[in-house]
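Visitor: Quick one: structure below, then a few questions.
The values are calculated or read from the model by the stated rules, or taken from the named source; none is laboratory data. Quick caveat: nothing in here was measured; it's all calculated off a predicted structure. Reconstructed Cβ throughout: ideal geometry from the backbone, glycine too, with neighbour counts over all protein chains shown. For accessibility, only protein heavy atoms count, side chains too; no ligands or nucleic acids. Shrake-Rupley method; radii C 1.70, N 1.55, O 1.52, S 1.80 Å.
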Amino acid sequence: KLPKLRLISQRSVYPHIDIDACTRLGVIVSSNMHVDTPSYAAAELTWGLILAAVRQIPQQASAMKAGNWQIGVGHTLRGKTLGIYGYGRIGAVVAGYGKAFGMNVLVWARPRSLERARADGYAVAPSKEAFFEACDVLSLHMRLLDATRGIVTAGDLARMKPTALLVNTSRAPLIEHGALVSALRAGRPGMAAVDVYEKEPLRDVNDPLLRLDNVVCTPHIGYVTRDEYEIQFTDIFDQILAY
């Protein structure tokens, strides 16, 4: 429907673009894949959500504004097990944060990614089942593809500790539809911190995730920093100028 379209300039992976249609219509798709530069903004938000959830920072701050003092007891990260599911660029950075905080880092991923994790000095879980059972904090770091859609099942979540935290700053459909809310209500895992949702923007204040006291939610801001936008738009305009 865009007869004058000649170029689509963007950054990173592009599963949302119909490449065959672009090729057929003579439209160039240009995308800097920034192979050696992860989104540090997304990795930092992931760590911020972990700290916010385990120390109940949003809940404590809200309670204090309401005149209450110390509403609960949080958890210490040092000595606990941080699970990294999907050892790509962002997952590797988050693993480094966990190591700096004195956590035991455990990885589960594709065989090739597991080799990289071992080379970087991290422990690898013997199985997916053992991975979900062992983690005190489990963070998802995978692209959403046909092969990864629903890769985290209700059964996986049921294996988690009642004190464990699940973090998702990647894509919501990595988790089986409806499984996270059901698992949280059942008490395994005991907490969640999410930045991504099946329907975005999420403006329904009655959405179950927003109503649960054991969930910290942010509105898909993993990449939303001035620094990240500067990098993204520089790449995009450089491609336009090159064209």
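Visitor: Looking at Thr153, Thr76, which one is farther than 17 Å from Pro173 by Cα and of a type in the set (S, T, N, Q)? Even if it seems obvious, please write down each step before you answer.
Guide: Details: Thr153 fails: farther than 17 Å from Pro173 by Cα.
None of the other options fit; the residue is Thr76.
Residue by residue, here is whether (1) modelled with pLDDT under 95; (2) closer than 25 Å to Tyr223 by Cα; (3) surrounded by 17 or more Cβ atoms within 10 Å (Cβ to Cβ); (4) not polar (S, T, N, Q) holds:
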site	(1), (2), (3), (4)
Ile17	no, yes, no, yes
Asp20	no, no, no, yes
Leu25	no, no, no, yes
Val35	yes, yes, no, yes
Ala42	no, yes, yes, yes
Ala53	no, yes, yes, yes
Lys80	no, no, yes, yes
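Visitor: Condition first: open to solvent by less than 50 Å² (accessible area, probe 1.4 Å), assigned to a helix (DSSP H, G or I), over 21 Å from Val215 (Cα atoms) and in contact with a Phe, Trp or Tyr (Cβ under 9 Å, 6 or more places away or on another chain). Now tell me which residues in segment 93-125 satisfy that.
Guide: Those that are open to solvent by less than 50 Å² (accessible area, probe 1.4 Å), assigned to a helix (DSSP H, G or I), over 21 Å from Val215 (Cα atoms) and in contact with a Phe, Trp or Tyr (Cβ under 9 Å, 6 or more places away or on another chain): Val93, Ala95, Ser113, Leu114, Ala117.
Visitor: Okay, moving on. Is it the case that Leu144 is touching a Leu at 6+ places or on another chain (Cβ under 7 Å) and either part of a helix (DSSP H, G or I) or at pLDDT 95 or above (or both)? Let's see the steps before the verdict.
Guide: On the way: touching a Leu at 6+ places or on another chain (Cβ under 7 Å): yes; either part of a helix (DSSP H, G or I) or at pLDDT 95 or above (or both): no.
It is false that Leu144 is touching a Leu at 6+ places or on another chain (Cβ under 7 Å) and either part of a helix (DSSP H, G or I) or at pLDDT 95 or above (or both).
Visitor: Another question, if that's okay. Return the pairs, sorted by first residue and then second, in which the second residue is surrounded by 15 or more Cβ atoms within 10 Å (Cβ to Cβ) and among the basic types (Lys, Arg), the first residue lies in segment 136-158 and is in contact (Cβ under 8 Å) with a residue 40 or more places away in the chain and closer than 19 Å to Gly88 by Cβ, the beta carbons are less than 7 Å apart, and the residues are 6+ apart or on different chains.
Guide: Val137/Lys80; Leu144/Arg171
Visitor: Mind telling me which of the residues Gly83, Gly91 ends up being within 20 Å of Arg143 (Cβ to Cβ) and in contact with a Cys (Cβ under 9 Å, 6 or more places away or on another chain)? Spell out the reasoning first.
Guide: Numbers: Gly91 fails: in contact with a Cys (Cβ under 9 Å, 6 or more places away or on another chain).
Sole residue among the options that is within 20 Å of Arg143 (Cβ to Cβ) and in contact with a Cys (Cβ under 9 Å, 6 or more places away or on another chain): Gly83.
Visitor: Answer yes if at least one residue in segment 177-186 is of a type in the set (S, T, N, Q), open to solvent by 60 Å² or more (accessible area, probe 1.4 Å), over 25 Å from Ser113 (Cα atoms) and assigned to a loop (DSSP other than H, G, I, E, B), and no otherwise.
Guide: no
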